[in-house]
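The numbers here are math on the coordinates, done by the rules we state, and not lab data. All figures in this text were calculated on a predicted structure; none of them were measured in a lab. All Cβ positions, glycine included, derive from the backbone under ideal geometry; neighbour counts span all protein chains shown.
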Amino acid sequence: MKRNRPLREFGSEDVFSPLVPADISPLYPEETIRFKQLKPEIREKYDFSLDGFSALSLPIPQTREEEAAIVNSFLRGLEKLFQKENNWGFLLPVTLSNEYCMQCNTCNEACPIYIESGRQEIYKPNFRPEVLRRIIKRYFSPCGKLLGKWAGADLELNWRVVYRLAELVYRCSICRRCASVCPIGVDNALLSRELRKVFSQEMGLAPDGVHKSGTVQHMKTGSSTGMTPLAFKDNIEFIEDIIEEKTGRRITIPLDKKGADILLIHNAGEYLAWPENPAAFAILFEAAGLNWTLSSEMMGYEGVNYGVWYDDIQFSRIAVAQVQAAKKLGVKKIVVGECGHATKAMLTIADRLLVGDMAIARESCLPLLASIVTSGAVRFDPSKNSFPVTLHDPCNMVRLMGIVTPQRTVLNHIMAPGYFREMPDAGTGNYCCGGGSGFAIMSSQNFPDWRNNVASRRKARQVLAAFQDVLDPAIPKYYCAPCSNCKGAARDALIEHYGFRDKYNIIYGGLVELMVNAMEDIPQPYISWEEEF
């Protein structure tokens, strides 16, 4: 049931807009939608008052002093958001997006979260920014300070408003599909990200998955996974064993090679969860005769940068350290593996940091993979890929960066005719996997229920639509997701939550695995439907 409440009630004592299973449209007729039941002591300790879910595990304040501190620190941070000296990255687009939204609501129907929630008002892309505008008008404009509700500044700030807004900016996957349809270019997703920055940098509020076990662990150990340089070297030996087992050939993966043309940097989650992906890169690069290397330097083997989702300071620390590792090896360029946010972070957002001596060429792996195919450096047999494949377009690389053609060039070259099928709304119109902006690694309280049932549901519908004529489980199918976070979302939502492997024989993986599977001189299949996913 849609719940539309006046925004002035955003600080009310009850749950503002509770989401219940009946609000959500089933994916298939027999689906039963359930939410995790939380223990009473958990609900008493943490704030669930936005929609009944918690991404941040925000403890309920116990004193008036604590309540006041929450409000005051938020206002301090909000003021800094619109100061040039404190917002070096996004001040202009933040200011324009805040000031020029016409509330035409064009963006709402572009948002998969709003649609799949049963069109709850609070999940509209323009709802969060409107809360922000009301606060700014009430506490920072002369007429709002003087006239209050008589000037339309009718949202009184209390700790509940602050906490609900903190939770609300983590109900947006920052896919920016809303921005792509806005007739005047307002970027409501960017406003969500910038508010996350206020909560993190000024108030110390961020999901453990992206902060404590994310950027903090990354800088402490060298990887967000906790993998140290020594453990990384051991892992490389393991991947060399995988290559030999799958191909019958022993490849020595180049490590810390000085002066190489390419430093390849992966999302380190690949090494632990999907080692066949970095193994496939090594097979392809070796076969193509590329002059490349990996780095075992602290911060040099981990491509992720979770700071891009929520914190400029953490982002900057990681980006600079990653480039310093590349500079130490004297490589010509950095190539980022199959990871959407890592590609966006390194190739675009880091531009204002990487100037002068820090400048270095940076590329996505996708154009390089396309050049391997089109150059003829590696020979492929498309008949080896005679099974239905559909392609997921990671938001950060496709909609945000415009890398649309290379991956399709690859698939059209390595797939048997008629077996590659586009999803509906493919390319820049594609839907988020449901794990974007940190969702894939956030597991606080009952947040996974919300993520799998709401954020990933549109992608699940899209995959089923792509395979609608071959859903028979006797037909093996491959969901190609050239992004680590997107694969994590596929594992948690499509495979484990929705049961696509058991029901429809759909597995998931990256692009390079399909390429190696089609290589002429590798006798046995690289992809297997018999392995566990």
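Worth pointing out:
- For region 265-305, convex hull of alpha carbons as volume per residue, Å³: 65 Å³
- Under 5 Å, built H, 5+ apart or other chain: amide partners of MET519: ASP381
- Fraction of alpha-carbon pairs over 26 Å apart in region 341-466 - percent: 37 percent
- Degrees separating the helix 229-247 axis from the principal Cα axis of the chain, which is the longest one: 50 degrees
- The calculated P(r) of region 224-354, using every Cα pair and 10 Å bins from 0, goes 13, 45, 33, 8, 1 in percent.
- Along principal axes, Cα extents of the chain, largest first, whole Å: 75, 58, 46
- Stokes-Einstein diffusion coefficient of region 85-236, Kirkwood radius over Cα pairs, 4 °C, 1.567 mPa s, in µm²/s: 74 µm²/s
- Overall shape of region 31-162 was characterised from the C-alpha gyration tensor. The equivalent ellipsoid obtained from it has semi-axes of 28, 23, 15 Å, in decreasing order.
- DSSP beta bridges confined to the chain are antiparallel in about 10 percent of cases.
- The C-alpha atoms of the chain define a longest principal axis, and helix 188-197 lies at about 80 degrees to it.
- Taking Cα atoms only, the orientation of helix 457-466 departs from the longest principal axis of the chain by about 40 degrees.
- Per residue, the chain reaches -11000 deg cm²/dmol at 222 nm when only DSSP H runs of four or more residues are counted, each adding -39500 (n - 2.57).
- Trypsin sites (Lys or Arg not before Pro) within region 57-103, DSSP loop, no more than 14 other Cβ atoms inside 10 Å: LYS84
- Gap separating the Cα centres of region 327-387 and region 198-225, nearest whole Å: 26 Å
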